[in-house]
Amino acid sequence: MPYSLAFDDHFYCQTDGRLECGHVFLSGNGLPQRWLEREGVFRIGELGFGTGLNLCETWRQWKEARNGRSTLHFMSFELYPMKADEIDRALSRWPEVDAERKALVARWPDDPKGDVAIELDDETRLTVVCGEALAGISGRNESFDAWFLDGFAPARNPDMWSLEIMQTLFGKTATEGTFATYAAAGFVRRNLIAAGFDLERRKGFAGKREMLCGTKPSS
């Protein structure tokens, strides 16, 4: 189970990070259902690439659901990118994403920095923006359809959940775009509402009482 010394926290829930991704980030953003209706690019933004588990599980489900008329661009913002062998070791516990793990590790640079841009297949693109999340998000021109808010626990990494970051990513979200997060701390909820999102509380994963998801309203 990979653990961050910088933030004194695990990279994902200790029950099953892959199933947590499906429950929180995919279902919380209405995926894969929204992919079936899409024409053109569907863009996901993620706070915290970590081991790449969310990317691999998302790519796995995308390959099963994609309609042939759209492409996926998965963009993640990561301050401390891991090495290829670390990613490989962390993801090896999930045979369900073996193909995605191997493809990611084979393409991962030896010294990840700046924008790591990887063509995963003809319909799937990955960009990992290395550095501070606020600067990374502010510097993008893209508009995002869905957000995976997956920084370390708010109590351990409050900067990742600040009002300034939430306002910035709200501004980069497409109308009726969505977010989902395992976090349900009061200040996270208040910051998301203050940024402009319509908020919904749902049952959390693996005994966690709540998770949050929401939408950027059309007006």
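The values are calculated or read from the model by the stated rules, or taken from the named source; none is laboratory data. Remember, predicted model here, so these are calculated numbers, not experimental data. Positions of Cβ are generated from backbone atoms using ideal geometry, with glycine treated the same way; all protein chains shown enter the neighbour counts. With ligands, DNA and RNA removed, areas are computed over all heavy atoms of the protein, side chains included. Shrake-Rupley method; radii C 1.70, N 1.55, O 1.52, S 1.80 Å.
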Considering residues of the range 192-206 that are over 21 Å from residue 168 (Cα atoms) and in contact (Cβ under 8 Å) with a residue 12 or more places away in the chain only, the residue most open to solvent (accessible area, probe 1.4 Å): 201
Counted residues, the range 135-154 - those being in contact (Cβ under 8 Å) with a residue 24 or more places away in the chain and open to solvent by 50 Å² or more (accessible area, probe 1.4 Å): 2
Test: residue in the range 160-167 that is acidic (Asp, Glu) and either modelled with pLDDT of 95 or more or in contact with a His (Cβ under 8 Å, 6 or more places away or on another chain) (or both): yes
Of residues in the range 175-191 being open to solvent by less than 20 Å² (accessible area, probe 1.4 Å) and touching a helix residue (DSSP H, G or I) at 6+ places or on another chain (Cβ under 8 Å), the one farthest from residue 46 (Cα to Cα): 188
Selection within the range 61-90 - within 30 Å of residue 159 (Cα to Cα), outside any strand (DSSP E or B) and not small (Gly, Ala, Ser): 79, 80, 81, 82, 83, 85, 86, 87, 88, 89
Number of the exception - residue 57 against (1) at pLDDT below 95; (2) crowded, with 19+ Cβ neighbours inside 10 Å: (1)
